[in-house]
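What follows is calculated from the coordinates using simple rules that are stated; it is not laboratory data. It should be emphasised that the depicted structure is a prediction, and the values quoted were computed from it without experimental measurement. Methodologically, a virtual Cβ is constructed for each residue, glycine included, from the backbone with ideal geometry; neighbour enumeration extends over all protein chains shown.
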Amino acid sequence: MNALRYIAAIVLVLWATGLGVAAVQLSAWNDELVRMLLQIRADTVFRTRMAQANEPIPREWYRAKALWLLAAGEKLQDDSRWMMFFPGSWRPFDDLTERLALRIEREFSEIAVDTMRRELFFRAARLTGVPQDAASGALLVDRGCAQPPMPTGFDAGGAGTRELPEVIAAQSHLEAVEQLDSAVDAMQALQDPATADARHLRVLANYTLGAEVPGRLSRSASLFGGGLKPADPAARALGIAHLQYAVRCSVGKAMAALDTRLFERNDLLATETVLAQRAGRLFAPGARPLPYAETMQGLREVLAALDDEEAMLARGDYAWLQGSTPSLGPLHEALLERVGTVRLLGPDAVEQVRRRSGRLAQQFRSQFSRSLAGGSEPALQWQPDRGRLALSPQRVALRDALTALLREPFMAEPAGRALPATAPAPLSWDQQRLAHALSLAGERRRFAVDMLPRFPASVQGGIAQIVNAQLAQLVQDRTVEAMILAAAANAPVTFDAADFRAQREQLSGVQALFAQLGARDRAEGLRALLAHDLLERLALSEQTLWRSTLFSARTQDFGWWHGEGSPIFQAFGVADGLTLKYLLAQQIAEMDEGARHAALLLPYADASIAASPTVGRWRGMIPALERWRSGSGGSVIALQRYLLTLAPQLDGANCLERLAANPVPEGGADEFARRHAHLHRALQHRCAELRSTTRPW
């Protein structure tokens, strides 16, 4: 009996203690429930008023309420266990907890479940670019999707395949799709009571609400499945189908953009295209010579393209081109494998992407093979020890030889001087600078022996043409620098036969060097300049002839003579035969000096000026003056004797008879013989005019 009393006392003490603790706990729980119910009522009133005003409720409000409801569901579960100390609150007597749970479940269904569903589709829409229906939030898949954006502020210059913006965009997009796929899987698991648990709810809440929810979440996880409506399974299946379509569409566009970059806008193929274009312009047989700036730019672009190609091949991105299997490359295969792990995509998406990528890859292989086959020498070679493609020895030789060539001093930018078509005579030349120009022949021989064989055989002709054109311009620059224009000389014009001969020999060497360099137009320009200078020199030497009285206007026509005194004395401005003899000797001696000068020049006259009247006159006058100098007769002596004999005897009364007594020799072809005949005819004509007048003498 005493034992029963002790047991009863212990039970009463424990019960009293439980009542005390429960009172404290339930007091706080009651306050929390009151606040919860008041907040639910306020939220309901807020939604009703916003609906009546036809105003949208911000997404952030729904997200905050969903997080609050998740926490509220856990509080309901955690604190209701203290009600066991109050029998009146037990389920047979009071259904407050059930009614509260139903109220929270209804609110959870209307806000939390729907918010997470809408957020899931919102994020899917943002990810895939598929628009949403404004009312239901459903994906409007008939509007199509968008290509994932490229990373901003990204410089792909010199990057490998893995650093291409299209690769980064595809990888980032797949990562986002994987997160969406995990959230969709979690939502589907929560909709089945057999698989709904807190782990899935945490994944879904973290993805849709962007927050880590504290607590066990077991109550909220069970509420999630209970919040589904009877019509939800069909809508859920349709929503998942739309999600799957949107994700497949966007991933397909991401992979299509990657395929376009890898196979249609491929850097290696673009580099080969650049090399083919530059090689055609620079090295092809019969290629038109380009200006210096374009040539150097083209050579530097070839070097840059070869360096870029070597860097691409060194990364191993193109080793798959060597294989016989239809591989798309390790990076592409890794992306396809990743696509296959996403449940929203599945094997069908992988196969679709593989077919399209395989077709483009095959086209790329064919186009790349055609590009490489365009040259007569191999462009790439397979290195089994490194497991990658590399530049062929010919390409390496081209790169190294070009690098060495561009360092040569003779490849520096030339002055770009041009030979003038004509120049004031007499034109002379600085022999030291001409020797400097001729020294470039040694540079050409050194290049041909030491450097040209380093280049691949297919480009040696083009490289030789480039170097020849460069050397030809340098030769021309130095030749122009060697010119000494007569207009710039302050000293009287002098003629040194030895210097002239030495200059002409050097200039002949320059012309020959131009011809060896393939610059025949430059050689022709120099020849024409020298021919013009020679002609001008001959014309300058001829000036002594035209300044003499023998060829003056007074001996051309004697219309000024009226018959008084000797017309010859008057024409020469002398009074007697002795003075006339002295004057004639002086003038003929000056002509002879010019003839001596002209005789040294005539051997350098080429065919282009051989028919010139000046050259023709000197070819006749030089022998005549040589015979005069030696006293062996000729037209000069005949003209001199004619004037000295006839001048003292001639006047208006006897001029016809005297002229008849001193006839002119026939057949003279040089300028002196023609002058002799013209002077005789002019005197005869004037004498006849005077005789026919009635003027008395």
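The range 548-692 has equivalent-ellipsoid semi-axes of 30, 16, 13 Å, by the square roots of 5 times the alpha carbon gyration tensor eigenvalues, sorted largest first.
Extents of the range 240-292, taken as max minus min of Cα coordinates on every principal axis and listed largest first, are 66, 16, 12 Å. In plain terms, if you count all Cα to Cα distances in the range 506-604 and split them into 10 Å steps from zero, the share in each step is 14, 28, 21, 16, 11, 8, 2, 0 percent. Rg/Rh for the range 420-532 stands at 1.06; both radii use Cα atoms, and Rh follows the Kirkwood definition. The Rg/Rh ratio of the range 540-585, with both radii computed over alpha carbons and Rh defined as the Kirkwood radius, is 1.01.
Determine the gain in length on full extension of the stretch Arg281-Ala146; use 0.36 nm per residue of separation and subtract their C-alpha separation, reporting nm with one decimal.
44.4 nm
Rg and Dmax, both from the Cα atoms of the range 259-319 and both in Å, are 13.6, 40. Stretched out straight at 0.36 nm per residue, the stretch from Ser369 to Val396 would grow longer than its current Cα-Cα span by 7.8 nm.
For GluC sites (Glu not before Pro), the sites in the range 563-659 that DSSP calls loop and that have at most 12 other Cβ atoms within 10 Å are Glu564.
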